[in-house]
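Let me begin by presenting the structure, written as structure tokens, before commenting on it.
The values are calculated or read from the model by the stated rules, or taken from the named source; none is laboratory data. All figures in this text were calculated on a predicted structure; none of them were measured in a lab. Cβ placement follows ideal geometry from the backbone for every residue including glycine, while neighbour counts extend to all protein chains displayed.
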Amino acid sequence: MAKRKRNRKTTKITANREIKDGVFKMLFADPEKAAELHSALTDIPCTADEVEIFNITTIISGKIRNDLGILVGGRIIFLGEHMSTLYANLPVRFLIYVAESYNTLIKIRGEERFIYNSKLYKIPKPQFVVFYNGLTNRSEKEFLRLSDAFEEGGSDLGKLELEVVVYNINKGKNAELFNKCPTLGQYADFIAKIRECEGIYEDYNKAVAEAVKYCIAHDILADFLKKNGGEVVSILTATYDEDVAKRVWQEEAREEGREEGREEGREEGREEGREEGREEERSNFAKKLLAYKEPLDKIIDLTGLTSAEIAKLATDIS
């Protein structure tokens, strides 16, 4: 097999270049920051010159997914950020685009012919990591497995498994990981500051701008924000429209409710599962409205929850 040439670069694996990258992806697309994160996750030191970045933009079931791949030597870490409450199906989503990513990587390297040779063709070892910073309280570290999604039946004739490690990067979680990767810790502080500012300023754009100013003044991602502050604010606020956002939240909540219903609604418990799904839908939608400081009467009107139920949700996410 011909020797593969690796140099430091950013390879774009994309199905739609018009989609804006998220701030997380923008931050760790920098080879030095990616090397720091890779070393923290694997306990294997590496330098920026050893890192190859993959910007992975794919469309799964009509939904845009923006994630990042860090390739160092014979290992590729697929990274994602997740802000929703439910993420049980992340292994399935990774499965869908990991094959596409390898296919594109092989084509970029011009090595398609090697997979048809009799000699074993080596590919980078895949590892899957998701950083969770949603509003629901979750444990510091979780493992999600593709096999949990398999329907039961029959004996095993060959196996397929995919495991995703989920790190909770909300403030106060995973201090050891943050110590190993200060950039990730500062990113968590930045997100926490945005949420804090949302509680102070009614205007979301103002909240983001003030969070950026605060973080620069207090040396939280200061160099990154000084250089990219305008773009960061644009990314975080450009698509925010109150009516559109609410429709998106409702659709996300409906989907989360359907997923809950599918998980819980098996056999005789199907109807109970659907009802729990609907309850989860209303609760998730209410949490998102609370996060954007919507008036109580409007939340009641939009979700159908009582003021007591909403007050309890507010306590849970505070």
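So here's what we get for this one:
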| read-out | value |
| --- | --- |
| Filter result for Ile19 (surrounded by fewer than 17 Cβ atoms within 10 Å (Cβ to Cβ), at pLDDT below 80 and part of a loop (DSSP other than H, G, I, E, B)) | yes |
| Hits in the stretch 125-141 - residues which are under 14 Å from the mean Cα position of the chain (by Cα) and either part of a strand (DSSP E or B) or of a type in the set (D, E, K, R) (or both) | Phe128, Val129, Val130, Phe131, Tyr132 |
| Criterion violated by Gly134 - all others in (1) surrounded by 15 or more Cβ atoms within 10 Å (Cβ to Cβ); (2) modelled with pLDDT of 90 or more satisfied | (2) |
| Of all residues making up the stretch 283-310, the number that are at pLDDT below 80, more than 16 Å from Ile194 (Cα to Cα) and of a type in the set (D, E, K, R) | 4 |
| The lone exception for Glu202 - which of (1) under 29 Å from Ser234 (Cβ atoms); (2) surrounded by fewer than 17 Cβ atoms within 10 Å (Cβ to Cβ); (3) modelled with pLDDT of 90 or more it fails | (3) |
| Residue match in the stretch 192-211 (condition: touching a helix residue (DSSP H, G or I) at 6+ places or on another chain (Cβ under 8 Å), under 16 Å from Lys33 (Cα atoms) and not in a helix (DSSP H, G or I)) | no |
| Every residue from the stretch 143-160 that is outside any loop (DSSP other than H, G, I, E, B) and over 30 Å from Lys193 (Cα atoms) | Arg145, Leu146, Ser147, Asp148, Ala149 |
| Residue within the stretch 161-184 that is under 18 Å from Asn89 (Cβ atoms), out of contact with any strand residue (DSSP E or B) (no Cβ under 8 Å at 6 or more places or on another chain), acidic (Asp, Glu) and not in a strand (DSSP E or B) present | no |
| Members of the stretch 143-161 that are loosely packed, with under 15 Cβ neighbours inside 10 Å and under 30 Å from Ser283 (Cα atoms) | Phe143, Arg145, Ser147, Asp148, Ala149, Phe150, Glu151 |
